[in-house]
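No value in this document is a laboratory result; all are computed from the given coordinates. Quick caveat: nothing in here was measured; it's all calculated off a predicted structure. Please note: Cβ atoms are built from the backbone with ideal geometry, for glycine as well, and neighbour counts cover all protein chains shown.
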Amino acid sequence: MDYVLEILGPMVDGSLITIKMFAIVIVLSLPLGLLVSLLRISRFKPLRFAVGTYIWVMRGTPLMLQLLFVYYGLPFLPFGGIMLTDMQAAVFAFTFNYAAYTAEIFRAGIQSIDKGQYEGAKALGMTYMQTMRRIIIPQMIKRVLPPISNETISLVKDTSLIYILAMNDLLRTTRAIVQRDFDTTAFIVAGVFYLLMTLVVTFVFERLEKHYAAYEG
């Protein structure tokens, strides 16, 4: 028990970096994913193709590869490279990766809404944007909460990938402690930290689902 208390301080510090990373990516990726989903169903074919290609690349290549490319590859681009800090590179890669996944979830949710909703809104004189904002998107949110919840839980765990950028997140801190002390207790403590974080996320989404279910009822 004394050893756990000894290592708890640095592991809490590592968890704060993990939580900060998670929060920033969620705040950025969900709105971006919604925007991308709307572009994905646009009537302008070149735009649909460009957005579809972006989604295909993001979902078809490993997130770790994307992290490495953003951090180590962008500085070597022709006509002036792009230098990013480790946090900036991680946020950039994670945001665009998760936006691609959430975009497909949002798209499926939007396309699941009955066509009669659009026709009814048009008959009331609503524009396309008014229809989306007032009628389609509120209904879509309730339908996509479960898959969005799964993606959010995955994000909590995927944040561990930022250790490859030498960021002192929870996983990197844990590995350093294990290598220093030759004791695997830190792995168990880290597992508890991740479980607690996913528990909080699960609780939040369960509350959201109940809220929208009550609202609909």
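Does S37 satisfy the criteria of being in contact with a Lys or Arg (Cβ under 6 Å, 6 or more places away or on another chain), touching a residue at least 40 places away in the same chain (Cβ under 8 Å) and surrounded by 17 or more Cβ atoms within 10 Å (Cβ to Cβ)?
Against the criterion (in contact with a Lys or Arg (Cβ under 6 Å, 6 or more places away or on another chain), touching a residue at least 40 places away in the same chain (Cβ under 8 Å) and surrounded by 17 or more Cβ atoms within 10 Å (Cβ to Cβ)), S37 qualifies.
Can you name the residue in region 74-93 that is more than 22 Å from the chain's Cα centre (by Cα) and not aliphatic (A, V, I, L, M) and, of all such residues, is nearest to T159 (Cα to Cα)?
P75
Cβ contacts < 8 Å: first residue over 17 Å from T159 (Cβ atoms), restricted to region 51-65; second residue of a type in the set (K, R) and surrounded by 13 or more Cβ atoms within 10 Å (Cβ to Cβ), any location; separation 6+ or different chain. Result?
The qualifying pairs are V51/R40; G52/R40; I55/R40.
So that you can scan it fast, the table gives a plain yes or no per residue for (1) in contact with a helix residue (DSSP H, G or I) (Cβ under 6 Å, 6 or more places away or on another chain); (2) in a helix (DSSP H, G or I):
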{"position": "W56", "(1), (2)": "no, yes"}
{"position": "M83", "(1), (2)": "yes, no"}
{"position": "F92", "(1), (2)": "yes, yes"}
{"position": "T95", "(1), (2)": "yes, yes"}
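Just to be sure before I move on: is I105 closer than 25 Å to F203 by Cβ, among the β-branched types (V, I, T) and surrounded by fewer than 18 Cβ atoms within 10 Å (Cβ to Cβ) in the structure I sent?
no
Return yes when I105 is in contact (Cβ under 8 Å) with a residue 60 or more places away in the chain and out of contact with any helix residue (DSSP H, G or I) (no Cβ under 6 Å at 6 or more places or on another chain) and no when it is not.
Against the criterion (in contact (Cβ under 8 Å) with a residue 60 or more places away in the chain and out of contact with any helix residue (DSSP H, G or I) (no Cβ under 6 Å at 6 or more places or on another chain)), I105 does not qualify.
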